[in-house]
Amino acid sequence: MVVVNIEDKSNPYIFSKLVFPLESFSDLCITSNEKFLYFIGNFGLRHLPLDTGITIHTQISKLVENSSGITYYQIVDSTEKLKVGSTIEMVFVPLYTAKNFDF
């Protein structure tokens, strides 16, 4: 499942990606309170929470190439939009975990 941000229709970018190996689906629905997502795939009904009560810091770096042809990861500024097809690295660090949360 890939979520694409199309706020700027001339510059869409991948907002989020979730992969379930060997599974496909063609449609999904989100509850009216936007707390859960449902879809039916090869392995039955999936129920995913959209808010888990976990606070996570995310650092995103993109693969760039300098004038000498050397590639490296450069930290992305929080205001920069990623482009479809970019190679990125995401580092997730939990800052706070709620003691009681339901899946």
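Here are a few things to note about the model shown:
- Of the strands (runs of 3 or more DSSP E) lying entirely inside segment 1-72, those carrying at least 2 residues that are more than 15 Å from the chain's Cα centre (by Cα) and within 23 Å of Met90 (Cα to Cα) are 54-65.
Conditions tested, residue by residue: (1) without any contact (Cβ under 8 Å) to a residue 24 or more places away in the chain; (2) loosely packed, with under 13 Cβ neighbours inside 10 Å.
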| site | (1), (2) |
| --- | --- |
| Asn11 | no, yes |
| Ser16 | yes, yes |
| Val19 | yes, yes |
| Leu22 | yes, yes |
| Ser26 | yes, yes |
| Ser32 | yes, yes |
| Gly41 | yes, no |
| Asp51 | yes, yes |
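Table: residues versus (1) at pLDDT 80 or above; (2) over 20 Å from Val2 (Cβ atoms).
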residue	(1), (2)
Leu28	yes, no
Phe39	yes, no
Gln59	yes, yes
Ser67	yes, yes
Asp77	yes, yes
Lys83	yes, no
Lys99	no, yes
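- On inspection, Phe103 does not qualify as more than 22 Å from Asn5 (Cα to Cα), surrounded by 10 or more Cβ atoms within 10 Å (Cβ to Cβ) and at pLDDT below 85.
- Contact annotation: residue pairs with Cβ atoms under 9 Å, 6 or more positions apart or on different chains, pairing a residue in segment 86-103 that is over 21 Å from Leu48 (Cα atoms) and assigned to a loop (DSSP other than H, G, I, E, B) with a partner that is modelled with pLDDT under 85 and not acidic (Asp, Glu), are Ser86/Tyr13; Ser86/Ile14.
The values are calculated or read from the model by the stated rules, or taken from the named source; none is laboratory data. It should be emphasised that the depicted structure is a prediction, and the values quoted were computed from it without experimental measurement. Please note: Cβ atoms are built from the backbone with ideal geometry, for glycine as well, and neighbour counts cover all protein chains shown.
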